[in-house]
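The values are calculated or read from the model by the stated rules, or taken from the named source; none is laboratory data. A quick note: this is a predicted structure, and the numbers were derived from the prediction, not measured. Heads up, the Cβs are rebuilt from the backbone with ideal geometry, glycines too, and the neighbour counts pull from every protein chain shown. Areas reflect the complete protein model, heavy atoms only, side chains present, ligands, DNA and RNA absent. Shrake-Rupley method; radii C 1.70, N 1.55, O 1.52, S 1.80 Å.
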Amino acid sequence: MRVIVTGASGVLGSAVYAAFKSAGHTVLGLAYSRATDELKQLNLLDASATESLFSDFKPDWVIHCAAERRPDVAEKDPEAAQKINVSVPESLAKLSQSLKFKLVYISTDYVFDGTSPPYTPSAATNPVNLYGRTKRDGELAVLGVPGAKAIVLRVPVLYGPAPKNSDSAVNFLLDIVADQSGKTYKMDHYATRYPTNVLDIADFLVRLSGLPASRVIPPILHYSAEEPFTKYEMCLIFARILGVPHAHIVADAEPPKEGTPRPQNTQLYVHETEDLMEGFGGLGWNPFEEWWTAYLNKKQ
């Protein structure tokens, strides 16, 4: 099978690229600011260059991981976020229609407002910040192209192997826990998150692409680990694994009063995905503390 992965230099994209390669597929990884010898540089905003490359490669599947995923950055430059999160996926959906490849658009739990979890794939969206709105609009754009073979895959906050901890909102907490300089940090103990490993999502996508034709993939899928944590609770786990004090991290259970608004609990309902994958590995997610313990011990 021939597969294109966009955003292949990112935390999720690099995991997806590696998973399809190790499964024996012919994979083209695309990147822009962090292109390498292995990853081809392409500006996805350049529609004609994108169409030319896709036409030449003739993919069977395209996993679209490239996005502006940082809510605070999206708020500062709405026009750029709109282009990368809405215009680009819409263009890819039109290519899916003409070139007949299956397109997976990676979306987010932030399309929901967090007031009535868990959210099924068909639940009404109501994003509370601009990032969530652009991803919701990207979903509508992708699913609105007639004849496109598109799937929306919503995922929650992500973690996993990363070039630097600041690449992931979860990995970044490691640096805060490890900072024993005397600096104090207020840490969110209000919003419930469901941190999910990019290696698990990558493995799921490989299995999804290999499903027999008799398994009809719905237009919107949810993938999520099922362990709830606040960021403060994640910090306590990291402190336990690292064997360091955590008195410098102070729980803040109040709703955030400033900065980019974020929903309180956007738990994704995943039973439809479990039913789809029955007999093909199920969801297959790693428990948070167990994975981090093994990963950090291996790195030492």
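Before moving on, here are some points about what is shown:
- Computed helical MRE - 222 nm, the chain, DSSP H runs ≥ 4 contributing -39500 (n - 2.57), nearest 500: -10500 deg cm²/dmol
- Once exposed loop GluC sites (Glu not before Pro) are cut out (DSSP; at most 13 other Cβ, 10 Å), longest piece of the chain: 39-225
- Per-residue SASA entry for Arg69, accessible area with 1.4 Å probe, Å² rounded to 10: 120 Å²
- Taken about its Cα centre, the chain carries a charge dipole of roughly 540 debye when the Cβ of each Lys and Arg holds +1 and the Cβ of each Asp and Glu holds -1.
- Over the range 31-190, accessible surface divided per residue gives 46 Å², non-protein components excluded, 1.4 Å probe.
- Estimated distance in nm for a label pair at Leu45 and Glu254, the labels positioned 7 Å out from Cα along Cα-to-Cβ: 3.9 nm
- Sites Ser22 and Lys164, calculated FRET efficiency, Cβ-Cβ separation with R0 25 Å, nearest 0.05: 0.60
- Comparing Ile241, Ile84, Ile151 in a Gaussian network model of the chain (Cα springs below 10 Å), the most mobile by mean-square fluctuation is Ile241.
- In the elastic network of the chain, a GNM with C-alpha springs shorter than 10 Å, the most mobile of Leu92, Leu103, Leu276 is Leu276.
- With viscosity 0.692 mPa s and temperature 37 °C, the Kirkwood radius over alpha carbon pairs of the range 16-115 converts through Stokes-Einstein to a diffusion coefficient of 221 µm²/s.
- Dimensions (Å) - the range 143-244, Cα atoms, principal axes, largest first: 58, 24, 23
- For the range 199-300, convex hull of alpha carbons as volume per residue, Å³: 145 Å³
- Full extension of the chain between Met1 and Glu289 gives 100.2 nm of extra length, using 0.36 nm per residue less the Cα-Cα distance.
- Measuring r between the beta carbons of Ser98 and Lys299 and using R0 = 35 Å, the FRET efficiency lands at 0.20.
- Residues of the range 247-287 with amide N under 17 Å of the 7 Å Cα→Cβ point at Thr184: 247-254
- 20 Å Cα-Cα threshold exceeded, pairs from Lys83/Lys257; Lys21/Lys58; Lys183/Lys231; Lys164/Lys186: Lys83/Lys257; Lys164/Lys186
- Listed residues His222, His64, His25, most fluctuating in the chain (Gaussian network, C-alpha, under 10 Å): His25
- Applying 1/(1 + (r/R0)^6) with r as the Cβ-Cβ distance of Ser116 and Val73 and R0 = 22 angstrom yields a FRET efficiency of 0.20.
- Within the accessible area of the chain (1.4 Å probe), percent carbon and sulfur: 51 percent
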